[in-house]
Amino acid sequence: MNVIFHITAGVTIFSLVSKKETKEDKINLLVYVFSFVLGVISHGILDYIPHCYPLNSKVDVILGLFIILILLYVVKEHVKLLIAIILLGCISPDIIDLSPKILNSIFDINLPIFDNIFPWHFYDYSGSIYNDDCKVSSLNHLLTLVFCTIIIFFNRTNLQKVLNKI
């Protein structure tokens, strides 16, 4: 799936994990590790379900980076590292497996490309749809957004506690 959807899953995870982290005390190392792992798992789940790519990869990466920077700006200081770790977990499989290929195509360079590490990037286990029939993909993208929106909605008070007043 596009980076935007992985970031959406990351914000959803953050809305759940930040529930106990609304006070300005130190966050337990286990919370960081658990949050990173949840981000990676969410990436695998999203990539496994059938999907097309509604956004161009260049636009997606630039917009995704912009959203990450905004998120890091709007959260309170004591949870910046937490959301950064969650978002890193959500996008790290793509950074590890796909970034050399993407950088080669964007900048017309020749970085070495290695075999994918994450199984959901293997052809047999990827949910990528390789024909032009993206109806099921549109439904899956919509359901992903609805699911994340519902979770974020029910955890909005957690988010309000960790967001800076803008």
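Side notes on the structure shown:
- Top-ranked residue in the range 121-161 [being among the β-branched types (V, I, T) and within 19 Å of the chain's Cα centre (by Cα); ranked as least open to solvent (accessible area, probe 1.4 Å)]: T144
- When T8 is tested against (1) over 11 Å from the mean Cα position of the chain (by Cα); (2) touching a residue at least 12 places away in the same chain (Cβ under 8 Å); (3) assigned to a helix (DSSP H, G or I), exactly one condition is not met: (1).
- Cβ pairs under 7 Å, 6+ apart, first in the range 78-98 and surrounded by fewer than 23 Cβ atoms within 10 Å (Cβ to Cβ), second of a type in the set (D, E, K, R): H78/E24; V79/E21; L82/E21
- All conditions in (1) within 16 Å of N2 (Cα to Cα); (2) modelled with pLDDT under 90 hold for K165, with the sole exception of (1).
- Sole exception among (1) open to solvent by less than 50 Å² (accessible area, probe 1.4 Å); (2) in contact (Cβ under 8 Å) with a residue 60 or more places away in the chain; (3) more than 20 Å from T8 (Cβ to Cβ) for N116, by number: (2)
- Residue count for the range 42-73, restricted to those that are of a type in the set (A, V, I, L, M, F, W, C) and surrounded by 15 or more Cβ atoms within 10 Å (Cβ to Cβ): 9.
The values are calculated or read from the model by the stated rules, or taken from the named source; none is laboratory data. Keep in mind that what you see is a predicted model, and the values were worked out from it rather than measured. A quick note on method: Cβ atoms are made from the backbone with ideal geometry, for glycine too, and the neighbour counts reach across all protein chains shown. Accessible surface is based on the protein model in full, side chains and every heavy atom, while ligands, DNA and RNA are left aside. Shrake-Rupley method; radii C 1.70, N 1.55, O 1.52, S 1.80 Å.
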